[in-house]
Amino acid sequence: MASVTSPSHSKPPFPHLTSVPCGDHYHSRDSSPSSCGTPDGSRSSSQRRTSFGSIKEDVEDGIAQSFVDSHQPPSPQEPKAERKVERPGFEMQQAPDFCCPCGGFLGWKQIRLGGKSLSRSYSDLRGLGQLQAKGWAWESHDHDHQPQQLAPPKEPEVEVLQTPPGTSLLEKLPPEVLDQIISNLALDLPPNGYTPRNVDLVSCLLASHTLHAATLGVLYRNMTFPHSIIFSKALNHIAQYPALGTLVRRLDFSHFTSVGLGRTKQMNAEIQNLTSRTLLQCLDLLPNLKECLLQEHLEGDISVDVIRKLFMGLPNLRAVDFCGCSTQSFSAVFQEALVGGPALPMTLPNLKRLSLHECSTIPTPMFDHLLSRLVNLTHLDLTHTQVNESALTLIPETARISHLSLSRCTRLRPSALVEFLTTHPSVNESLVYLNLLTDPTRFRLLEEEDVSALLPKLPDTLRSLNLGGAKVTSDHVPLLVPLTKHLHELGLSSADLSVQDVNCFFTRYQDPATGKENNEPSTLCYLDLAKVPQMTIGAIFNTSTCLLLSNLSYPLQVIEFSDKIITPLRERAKTQRVSVGWTVRDLGRRGWYVRDPASIPEQPLDDGSRYWKMGARWWGMRKIPMAVGDVGGLYGHYMFKK
């Protein structure tokens, strides 16, 4: 690490760093940007573009469930003259006092300075601004009119005190404090896939030797790759300066895509920017890597050696994500890496977070082979996989799982699953997030008796519970009400509940069986009522019988409905003059009715951030994050859009 810090000479230790930084700090001049916009096409911003087919949370809109879709072509009904075209890297700013007619622009040395004379240099234009001119006479027909020339005010001379290098108050801060300050300048998400990013960090590199050394760790800590060109440049740079590889903690491909570069998959394979060979070479240069976030766009570049490197060659690796890797070729590679060749260690103590989200082709025996080695597991996402209950019972008792997703796992037996969730030491006292969502038209995971056995034994640490598709009836209301006093999210899609049953979550409730009264307020912020038969437009807006949209349901912010409800709600909002305090938001297959924070001004603003969301702000996520950070890229697609 000594070679990473700045020496006493004037040049930084890595002379090309400012022009060719690594990871998500590269700028590809070969690529062309594409427009973006919100899911409803209401606006676009070049500063918000992510990879094709991905989404990210909109941090500028105060209403929950506001997302930015990365690829939003202009509407065919929109006249071409009205379509806005924005250049990449420029934000929309307030118009200046003078305007530049682009069609008649002849160059900076052809600007009329309020009369006949033409500008000869930048100083002429600068003087024009100091003279407080009313405008630039681009094509003035009154050449004889000369504006009144006012002498520029004389600025008082201020003595500038030169601080000796390394003695400023900022540079004297402890390294840990300086690291925290500079970290606020880093961007988790690329503002645009093809424009420069983290320019503030690059500026810090040039400020002083002390800031240069402190900024290097922040600049290289998390490396995000939107496309293969950036990856190739980063790999070449780290190969040239191997000490930089020791600074990398996260390798993030969640935004990776080849779409938008004007190349086919075959062309990318021929270019050899990102292949299994170069990916393995990159991993070899990152000995301190803690998080590796992969996804389906890279599954063809994940080889046996890459998987073995991840599980056996990186001793500090804490999290790995194979989201969406579902081809048969990936399954064969994964199987060979686990059971062919050198055997895996008996335990993988450092690996704590594992996501095989939508890895539907991995054979069932592979889960037995892998899960039994994760002695310190905390996050496990097995959505839509072939895992069965025997693999779950093999999870070591030393594990303390806080986040677990078994959504759409059709090989699980209901009774065995309930027994695992209620008795296994790895989950029965530590669960914070539990997703058991299924599509009951294809497969129902939990029947009525299974729900009755599960609900009373769920730990009070639970904050998010999704029972969508389970056979939930009115008989389960006495078991659900206590959960609503500590849950922030509750998924009950396809449940057989009435409006009165749902009202019990927000009012004083007396258990008819025991006679006990529960007066604690609800903590629910999100409620999934999609495909609940008795939830109709008429029932929802009947304020005398339904409390969902009233202030009594606060802190409820988001209600998820099916398209059968969202469509008329959207039409109702167009025709209704008076706002009801709720707004329709939708994305992909999902739709939400969202409370406007302005409708309850006396309540503090809640931006949706929770520690267990690991950086996500909005509600109803269906993919477990494997790293703390802003949500975006293909992970955002799987988390909120599907």
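Length gained on full extension, residue 277 to residue 444, computed as 0.36 nm times the residue gap minus the Cα-Cα distance: 55.8 nm. Phi-derived couplings, Karplus 6.51 cos²θ - 1.76 cosθ + 1.60 at θ = phi - 60°, listed residue by residue for the stretch 625-630: x, 9, 8, 7, x, 5 Hz, with x used for Gly and Pro.
Our coupling estimate for the stretch 581-596, obtained by passing each phi through the Karplus curve with A = 6.51, B = -1.76, C = 1.60 and θ = phi - 60°, is x, 10, 10, 7, 10, 9, 7, x, 8, 10, x, 9, 9, 10, 6, 6 Hz, Gly and Pro reported as x.
Which of the three applies to the stretch 464-609, rounded, prolate or oblate, going by the alpha-carbon gyration tensor with a ≥ b ≥ c and a/c under 1.5 meaning rounded? Verdict is prolate for the stretch 464-609.
A simple spin-label model places pseudo-atoms 7 Å from Cα toward Cβ; at residue 598 and residue 572 they are separated by 2.0 nm. When both the stretch 574-642 and the stretch 376-391 are represented by their alpha-carbon centers, they are found 26 Å apart. Residue by residue, the stretch 456-463 carries 3J(HN,Hα) couplings of x, 9, 6, x, 6, 6, 5, 10 Hz when phi is fed to the Karplus relation 6.51 cos²θ - 1.76 cosθ + 1.60 (θ = phi - 60°); x denotes Gly or Pro. Given R0 = 60 Å, the distance between the Cβ atoms of residue 474 and residue 344 translates into a calculated FRET efficiency of 0.80.
Filter the cross-link list 471/623; 352/641; 56/471; 290/457; 233/613; 290/623 down to pairs whose alpha-carbon distance in this structure exceeds 29 Å. Long pairs (Cα-Cα over 29 Å): 56/471; 290/457; 233/613. In terms of surrounding Cβ atoms within a 10 Å radius of their Cβ, 593, 241 rank from fewest to most as 241, 593.
Every number in this text was worked out from the coordinates using simple rules, so none of it is lab data. All values reported here derive from a predicted model rather than from experimental measurement. Neighbour counts run over all protein chains shown; Cβ positions are idealised from the backbone, glycine included.
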